[in-house]
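Read the structure below first, then the notes.
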């Protein structure tokens, strides 16, 4: 009996530690220099439609803005609009989504990017985002880098990562809500009819 209670106490303590650690985990805070030369002005994605200007720190946390439900396996359109001191042909971007909800943007969670000249003519990008079937369900973070000079987006990806930054860019965070696909019409089973006249 004592062994049983010791095991039960240990499991309760382990659960408390894991829960506390997850609750206290926070995303890293990126930064950038001179964001007034390259920043997001509007983000549109499945219920999110946010217009903004730059933050002097190079990072704006809009994680209080939550998307409509994003169904596993479905594709949604993300629209990015921004400003570049050098004109519409020069911007670049990086898009990260924390698919496994571990509060870390891993290199494998780079969903889309552009770091070549002329990928846009007006500073806007349209991106198709497919929710992986393996993504963890629930609310998770989407992080976007908009760079006024395309090459610096590449530079950040290869040398700094989503927790840092460089010149002439801005980061923005949003929350997306990932849900499972529901059964059509609520059908859970099909039963063959029974002939009452047998």
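The one condition from (1) farther than 26 Å from residue 47 by Cα; (2) surrounded by 17 or more Cβ atoms within 10 Å (Cβ to Cβ) that residue 85 does not meet is (2). Within the range 22-69, if we keep just the residues that are assigned to a strand (DSSP E or B) and without any contact (Cβ under 8 Å) to a residue 24 or more places away in the chain, the residue that is nearest to residue 83 (Cα to Cα) turns out to be 51. The residue of the range 171-188 that is modelled with the highest pLDDT, among those that are part of a loop (DSSP other than H, G, I, E, B) and exposed (fewer than 10 other Cβ atoms within 10 Å of the Cβ), is 182. Take residue 96 and tell me if it is farther than 19 Å from residue 51 by Cβ, part of a strand (DSSP E or B), touching a residue at least 24 places away in the same chain (Cβ under 8 Å) and touching a strand residue (DSSP E or B) at 6+ places or on another chain (Cβ under 7 Å). Yes; evaluated as a whole, the condition is true for this residue.
Tell me, please, whether a residue that is in contact with a strand residue (DSSP E or B) (Cβ under 9 Å, 6 or more places away or on another chain), at pLDDT below 95 and either buried (at least 16 other Cβ atoms within 10 Å of the Cβ) or part of a strand (DSSP E or B) (or both) can be found in the range 100-118. The answer is yes; a qualifying residue exists. Among the residues of the range 110-131, at least one is touching a helix residue (DSSP H, G or I) at 6+ places or on another chain (Cβ under 9 Å) and closer than 17 Å to residue 173 by Cα. Going by the conditions given, is residue 121 surrounded by fewer than 20 Cβ atoms within 10 Å (Cβ to Cβ) and more than 17 Å from the chain's Cα centre (by Cα)? For residue 121, the condition - surrounded by fewer than 20 Cβ atoms within 10 Å (Cβ to Cβ) and more than 17 Å from the chain's Cα centre (by Cα) - is met. Considering 30, 91, the condition of being under 13 Å from residue 172 (Cβ atoms), at pLDDT 75 or above and surrounded by 20 or more Cβ atoms within 10 Å (Cβ to Cβ) is satisfied by 30 alone.
Surrounded by 14 or more Cβ atoms within 10 Å (Cβ to Cβ), at pLDDT 95 or above and either more than 17 Å from the chain's Cα centre (by Cα) or not in a strand (DSSP E or B) (or both): does that describe residue 146? Here the answer is no, as residue 146 does not meet what is asked.
The values are calculated or read from the model by the stated rules, or taken from the named source; none is laboratory data. Treat the numbers as computed from the prediction; the structure is a model and nothing was measured. Cβ coordinates were reconstructed from backbone atoms using ideal geometry, including for glycine residues, and neighbour counts include every protein chain displayed.
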